[in-house]
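Encoded as structure tokens, the structure appears first; notes follow it.
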Amino acid sequence: MEHFLLRNEMTIPAIGIGTWQITDRDIMSNVVSDAYDIGYRLIDTAAAYSNEIAISKAIASKGISRNEILLSDKVWNTSRGYEAVQDACKKSLKKLKTEYFDFYLIHWPASMKLYPDWKDINAETWRGMERLYQDGYVKAIGVCNFREHHLRELQKTATIMPFINQFEMHPGMSQKALIEYCKELGIVVEASSPLGNGQILKNKSILAIARKKNKTSAQICLRWALQQEIVVIPKTVNANRLRQNIDVFDFELTDDEMKSIDDIPYCGGIGIDPDEVTQFG
Ligand code: A2P
């Protein structure tokens, strides 16, 4: 497994397992067990996924020691602010029966449509994140769904900038400008829904490259992100797909192939705009 380097010298596996929409305990148990055997070591979850306990039980029943895996969790929007984010993190740590998270991320920036003081809210939540980092509850702190303006605002008050920004990124949503900006700040990008939630897999350009390379569409999508040094966390409940999604290190996309994927017009995915969304509070 390849790794990428964070600014604090910590490494993060290039591929992890996404767990959004997996809540069933038996299914989670199989996913974690298969993924571990196949070689995955990073598990991505969030308080909002309602599966922290299922993950904790799956890890325990497989007999995986804490230092063999990396756990990434996210604070939900109802726990913004200096104190609330710390309380939320400690609750999630209990659910996952662990003393620390490898990665802990703010799930969404405060919506500017709902909060005129979104900048202050994000700044205060981030101050709580920095405290969690300093106190050793988290080895690397980060954000999700932060755009350039959110990061620019955070820079005014942050003493440690995020190590990670996780956002939706896949062919048909290539996010070039934001990726570039994150790289300038030394922030590692993690692609959520790197397969466009499955919707990009039948795209003609992707299928053509897949045929040429004798790979699957999913492998082409993941390889395209990895070649941009982006961590991917594809979600699947299927053991063969888990195997397939990690088997992406024995081929390379050419510059022309990369470019043709970059140029795929907007296509599917989750498509939630962090500035437009209001239902998440
Ligand atoms: P399933 O869980 O039934 O395998 P994303 O990670 O972009 O959100 O995409 C997740 C979706 O893609 C899920 O519907 C998942 O279905 C599907 N998926 C994951 N890996 C593969 C794969 N290798 N081939 C086809 N579909 C996949």
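Structure data summary
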item	result
Residues within the range 216-237 that are near the ligand (Cβ under 10 Å from one of its atoms) and outside any helix (DSSP H, G or I), tallied	7
Test: residue in the range 246-259 that is within 13 Å of the ligand (Cβ to nearest atom) and among the basic types (K, R)	no
Residue among Y36, Y40 that alone is within 15 Å of the chain's Cα centre (by Cα) and surrounded by 17 or more Cβ atoms within 10 Å (Cβ to Cβ)	Y40
I246 being closer than 19 Å to I38 by Cβ, crowded, with 18+ Cβ neighbours inside 10 Å and among the hydrophobic types (A, V, I, L, M, F, W, C)	yes
Residue, nearest to S193 (Cα to Cα), within the range 238-273, restricted to residues that are in a loop (DSSP other than H, G, I, E, B) and charged (D, E, K, R)	D273
Matching residues, the range 52-94, being crowded, with 20+ Cβ neighbours inside 10 Å and aliphatic (A, V, I, L, M)	A54, I55, A58, I59, I69, L70, L71, V75, V85, A88, L93
Candidate set: the range 103-123, residues that are of a type in the set (F, W, Y) and in a loop (DSSP other than H, G, I, E, B); chosen: the one surrounded by the fewest Cβ atoms within 10 Å (Cβ to Cβ)	Y115
The range 234-256 residues that are touching a residue at least 12 places away in the same chain (Cβ under 8 Å), paired with ones that are more than 6 Å from the ligand (Cβ to nearest atom) and small (G, A, S) (beta carbon under 7 Å, 6 or more apart)	L242/A35; I246/G39
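Each reported figure results from applying straightforward, stated rules to the coordinates on display, with no laboratory input. Here the structure is a predicted model, which means the values were calculated and not measured. Cβ: placed from backbone, ideal geometry, glycine included. Neighbour counts: every protein chain shown.
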